[in-house]
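Visitor: Next up is a structure, given as structure tokens.
Quick note: the coordinates plus some simple rules give every number you see, no bench work behind them. Note that this is a predicted model, so its numbers are computed, not measured. We place every Cβ from the backbone using ideal geometry, glycine too, and count neighbours over all the protein chains shown.
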Amino acid sequence: MLTTAITTAGAAAAAPPPSSWDLGSNVTVFDPSMPVSSIQATLDAANAAQVDNEMGTARHAYLFKPGTYGTAQQPLQIKVGYYTEISGLGASPTDVVINGKVEVYNRCLENGGTSNCLALVNFWRTLSNLSINVNSAGQDGCRGSADFWAVSQAVSMRRLNITGANLSLMDYCTDGPQYASGGFIADSKLPFVISGSQQQWLTRNSEVAGWSNGVWNQVFSGVVGAPSEAGFPDPPYTTLDTTPVSREKPYLFVDAQGKYNVRVPSAQKNSRGVSWANGMTPGRTVPLTDFFVATPADSVQVINNQLARGLNLLLTPGMYDIARSIEVKRADTVVLGLGHATLTSVNGAVPLDVADVSGVVVAGVSFDAGLTNSPALLRVGKPHGNRQTSAGNPTTLSDVYFRVGGPHVGKTDVALEINSDNVLIDHTWVWRADHGVEGLTDTQRWKTNTSRNGVVVNGDNVTATGLFVEHFQQHNVVWNGNGGTTVFFQNELAYDPPTQADWMNGNIKGWAAYKIAGNVKSHHLYGGGAYVFNQNNPSIHTENGFEVPQTPGVQLHHIMTVNLSAGTIDHVVNGVGGPADTTRIGSPVFVNDYPTP
């Protein structure tokens, strides 16, 4: 394990040898020479601490140096709890092999029994950059039937090579399947996948041996072996042969000399399959010596000083209170978070502010709204700024997550604001919390945890692959820029408006989940769903799930609305499509294409 520390107090601190970085007290690095029993005990203790810690502050990353872990007789069986990252440190996913399993089960919420076990709140986990040779030795018959990854939002699987058994995205062993509300896979080679009770899922730039089932909205983009979308909505598959714009998430790796580096993949157009099929993922390698390795003890002034010196930023796991914006002003800067590093707004600050420059990558960073209202939590480009950034080198946001409320009161006008052109959003969950530990009733939450919009896009030619946005108090997504593309959109409207009067857009009943501004001339959406559950007042109506200008350049492909048991969405898009009301709970209303070809 890493033992040598680096002083991070100021610019003059001497860098340690690059093979002995201290990545903070919340990062554990395993070596294949360590006993399997020791590694297993460490990870078992981590899961026990985090399996129910949904609103806690602990953040951890467990990293594996190149090599093989576990044996046929003694497999390494890992269970992953909240705010936990499990990642390999190889240049290729095949450099780290887990003989065993890496799993998430249904969470049992009622007195530790099995009468209320589900995956609907299995959030905030990361699994990446390794191979899993599934070995179920020692598990019972049901548990031995697959590798289980029963998760919902803010959970990513990237750069994986899974062999030896099926991958199940639901847990059918703990009191039945129950629902799950995920999820996201990218850049992975997978066995046969059992989607099961997953309400929605995006698989991007991967290979699958087969896929079964789909509940409401299953999207495949650039996936070798993806099922056909013929017959939509039965099954509800949306399949794009290639991904219009993609860039894989940066990853930390150890080279042959034992030195730590970050691989920054390059952007691709019309891509398909895994990035590592023919060797190292195309891109550039940045030594860790070119990063400022920050901990929550470092002030924003120190971080900004290091960024101004030309360093990149690695955020080690933990909670960072941000009372002044971290400012990214230089093109091609990398901001990489480990273990769900979380930036919390203090005194109304915008925690991260990115200039109108090309090629910035922000990955693996979470954002929490604070007690004082912020204009935004992450802002890319200045309002009315230059905007004209490079289409070939887009600023990219990968696995960035946002939360308003939940562990504490939160307030922000907008969570994610995109003002620059040519930005890529590659997997985000933007969540105004529908539950938490703030001690609020639903009516109090509406007036206390306040946020107008989840995502506002003002730039042109912005692409989103994996856009999960939920529960905001007006439009969840507002798209003002031209040339936008979204591959997969999932939304739940706000649960908690007290009355219809609280849920009015002028004379229009309610706020559509996905709003494209009237002056937009070109936009494409592939695979989108808006869900309604007005638990505070089931009589509330929302006129449309989607509102878009009626122009040939704005095209929606495979969209739907669904009722979760309360309230009504009257139409899918612009008055088209019947009501998603309580006469058809759980049965979507689909529109295959809008406008109709």
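Visitor: Simple spin-label model, 7 Å along Cα-to-Cβ: Thr443 to Ser266 in nm?
Guide: 6.0
Visitor: Which ³J(HN,Hα) values in Hz, rounded to whole numbers, follow from the phi angles of segment 257-269 under the Karplus curve 6.51 cos²θ - 1.76 cosθ + 1.60, where θ = phi - 60° and Gly and Pro get x?
Guide: So the J values, rounded to whole Hz, are 8, x, 8, 8, 9, 10, 8, 10, x, 8, 6, 10, 10.
Visitor: Now a separate question. Mind listing the long-range amide H neighbours of Gly318? Cut-off is under 5 Å, sequence gap 5 or more, other chains count too, H placed in the peptide plane at 1.01 Å from N.
Guide: HN-HN under 5 Å from Gly318: Ala341, Thr342.
Visitor: Could you give the nm distance between label points at Arg309 and Asp175, where each point is 7 Å from its Cα heading toward the beta carbon?
Guide: Between Arg309 and Asp175, the label points sit 5.3 nm apart.
Visitor: Let me ask something else. With the cut-off at 1.5 for a/c, could you classify segment 27-242 from its C-alpha gyration tensor as rounded, prolate or oblate? Before the final figure, lay out the partial values.
Guide: Numbers: a/c = 1.70, a/b = 1.26, b/c = 1.35.
Taking the square roots of the gyration eigenvalues as a ≥ b ≥ c, segment 27-242 is oblate.
Visitor: Report the residues of segment 497-517 in range of a label on Ser539: point 7 Å along Cα→C-beta, backbone N strictly under 17 Å from it.
Guide: Zone members listed by number: 497-504, 509-510.
Visitor: Same structure again: Where a ≥ b ≥ c are the square roots of the eigenvalues of the C-alpha gyration tensor, would you call segment 293-492 rounded, which needs a/c under 1.5, or, failing that, prolate if a/b is larger than b/c, or oblate?
Guide: Numbers: a/c = 1.82, a/b = 1.16, b/c = 1.57.
Taking the square roots of the gyration eigenvalues as a ≥ b ≥ c, segment 293-492 is oblate.
Visitor: What order, most packed first, do the peptides 397-406, 22-31 have when packing is the mean number of other Cβ atoms within 10 Å of each residue? Provide the component values of the computation, followed by the final result.
Guide: Working: 397-406: 25.5, 22-31: 19.2.
Ranking the peptides 397-406, 22-31 by packing returns 397-406, 22-31.
Visitor: Where does the chain land at 222 nm, in deg cm²/dmol rounded to the nearest 500, when only DSSP H runs of n ≥ 4 count, each adding -39500 (n - 2.57), divided by all residues? Numbers along the way, then the final one.
Guide: Values: 3 runs with 31 residues, N = 597.
Theoretical 222 nm ellipticity from helices: -1500 deg cm²/dmol.
Visitor: 5 Å is the cut-off here: which amide hydrogens, built 1.01 Å from N in the peptide plane, fall below it relative to Gly577, excluding neighbours closer than 5 in sequence?
Guide: Under 5 Å from the amide H of Gly577 lie the amide H atoms of Val572, each far enough along the sequence or on another chain.
Visitor: Round to a whole angstrom and tell me the spacing of the C-alpha centers of segment 345-402 and segment 196-217.
Guide: Cα centroid of segment 345-402 versus Cα centroid of segment 196-217: 30 Å apart.
Visitor: Right, another one. Tell me the chymotrypsin sites (Phe, Trp or Tyr not before Pro) within segment 257-346 that lie in a loop according to DSSP and have at most 11 other beta-carbon atoms within 10 Å.
Guide: Nothing satisfies the criteria.
Visitor: May I ask you to derive the FRET efficiency for Gln301 and Asn386 from their Cβ-Cβ distance with R0 = 25 Å, giving the value to the nearest 0.05?
Guide: 0.45
Visitor: Which of rounded, prolate or oblate describes segment 202-250 when judged by the alpha-carbon gyration tensor and an a/c cut-off of 1.5?
Guide: Numbers: a/c = 2.06, a/b = 1.83, b/c = 1.12.
Because a/c hits 1.5 or more and a/b exceeds b/c, segment 202-250 counts as prolate.
Visitor: Could you derive backbone 3J(HN,Hα) for segment 568-583 from the dihedral phi with the Karplus parameters 6.51, -1.76 and 1.60 (θ = phi - 60°), listing whole Hz in sequence and x where the residue is Gly or Pro?
Guide: The phi angles translate into 8, 9, 6, 9, 6, 8, 6, x, 9, x, x, x, 8, 10, 6, 7 Hz.
Visitor: Using Cα pairs under 8 angstrom and six or more residues apart, how large is the relative contact order of segment 27-242, in percent? Each step should come with its number before you reach the end.
Guide: On the way: 616 pairs, mean separation 27.5, N = 216.
Relative CO of segment 27-242 lands at 13 percent.
Visitor: By how many nm would the segment from Thr372 to Val576 lengthen if fully extended, with 0.36 nm per residue of separation less the alpha-carbon distance? Spell out each step's value before the answer.
Guide: On the way: separation 204, 0.36 × 204 = 73.44 nm, distance 4.00 nm.
So the chain would gain 69.4 nm between Thr372 and Val576.
Visitor: Next question, about the same structure. Scan around Glu103 for amide H atoms under 5 Å from its own, H built in the peptide plane at 1.01 Å from N, and keep only partners 5 or more places away or cross-chain.
Guide: For Glu103, whose amide H was placed from the backbone, the distant partners under 5 Å are Ile78, Lys79, Val80.
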